[in-house]
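The block underneath contains the structure these notes are about, expressed in structure tokens.
The values are calculated or read from the model by the stated rules, or taken from the named source; none is laboratory data. Given the structure is predicted, the values throughout are model-derived calculations rather than measurements. Cβ: placed from backbone, ideal geometry, glycine included. Neighbour counts: every protein chain shown.
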Amino acid sequence: MNPTLLQIKTVSTPNLGSLSFFEADHDIPFPIKRIYYIHGVAKNIQRGAHAHKQLKQLLFCPYGSVKIFMDDGHDKGDVVLDDPSKGLIITPCIWRDMLWLVENSVLCVAASDYYDEGDYIRDYNEFITWINR
Ligand code: T46
């Protein structure tokens, strides 16, 4: 599996820190309809255990470190988001789990569509059936 990593554009100013940014359609290959973020998570907690049928996402971690496990039904891979300028694009039909390596890490998602529970596959066997349909 070949995850698509994005180096998020970052402007550093001496003594003032850094500013990172991305623009829909210009820097990421889809329009953004929703932003959400997961926070207040203890170390070693794992979330996820689902795939999306249509949703495209950019994941990034502005604070902390979160490991993303991905499975397309054939290959598996993982990426550690441990730098605010590191982004991970996840295309549809990828089973994912997210493991908090550092307490209170913030995982942000820019998503191509509004929330729709019908877009989730939360059962792994159903996921395998879906990708082989
Ligand atoms: C994903 C990973 C990276 C909403 O009501 N609206 C929303 O926009 C979202 C994203 C979730 N929810 C509700 C659905 C559940 O009742 O929030 C609750 C927790 O969602 P979930 O268990 O799916 O959370 P994670 O951390 O397993 O997954 C989330 C996203 O849901 C998912 O799209 O790819 O982050």
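A few remarks follow.
- Candidate set from the range 1-33 (those that are within 26 Å of Glu126 (Cα to Cα) and within 14 Å of the chain's Cα centre (by Cα)); member that is surrounded by the most Cβ atoms within 10 Å (Cβ to Cβ): Pro3
- Qualifying residue in the range 56-66 (condition: part of a loop (DSSP other than H, G, I, E, B) and under 12 Å from the mean Cα position of the chain (by Cα)): yes
- Out of Gln46, Gln57, sole residue that is more than 17 Å from Pro3 (Cα to Cα), modelled with pLDDT of 95 or more and within 12 Å of the ligand (Cβ to nearest atom): Gln46
- So Asp82, is it surrounded by fewer than 17 Cβ atoms within 10 Å (Cβ to Cβ) and more than 10 Å from the ligand (Cβ to nearest atom): yes
- Filter pass, Pro92 being at pLDDT below 95, within 16 Å of the ligand (Cβ to nearest atom) and closer than 25 Å to Arg122 by Cα: no
- Verdict on Pro84 being of a type outside the set (A, V, I, L, M, F, W, C) and under 29 Å from Thr129 (Cα atoms): no
- Residue satisfying all of: in the range 107-132; outside any strand (DSSP E or B) and β-branched (Val, Ile, Thr); surrounded by the fewest Cβ atoms within 10 Å (Cβ to Cβ) among these: Thr129
- Within the range 44-57, residues that are under 15 Å from Ile89 (Cα atoms) reach partners that are part of a loop (DSSP other than H, G, I, E, B) and acidic (Asp, Glu) with beta carbons closer than 6 Å, at six or more positions or on different chains, in the pairs Leu55/Asp113.
- Per-region count, the range 87-98, residues outside any loop (DSSP other than H, G, I, E, B) and crowded, with 19+ Cβ neighbours inside 10 Å: 6
- Screening the candidates Gly73, Gly40 for the property of being within 12 Å of the ligand (Cβ to nearest atom), more than 11 Å from the chain's Cα centre (by Cα) and either in a loop (DSSP other than H, G, I, E, B) or exposed (fewer than 13 other Cβ atoms within 10 Å of the Cβ) (or both) yields one hit, Gly40.
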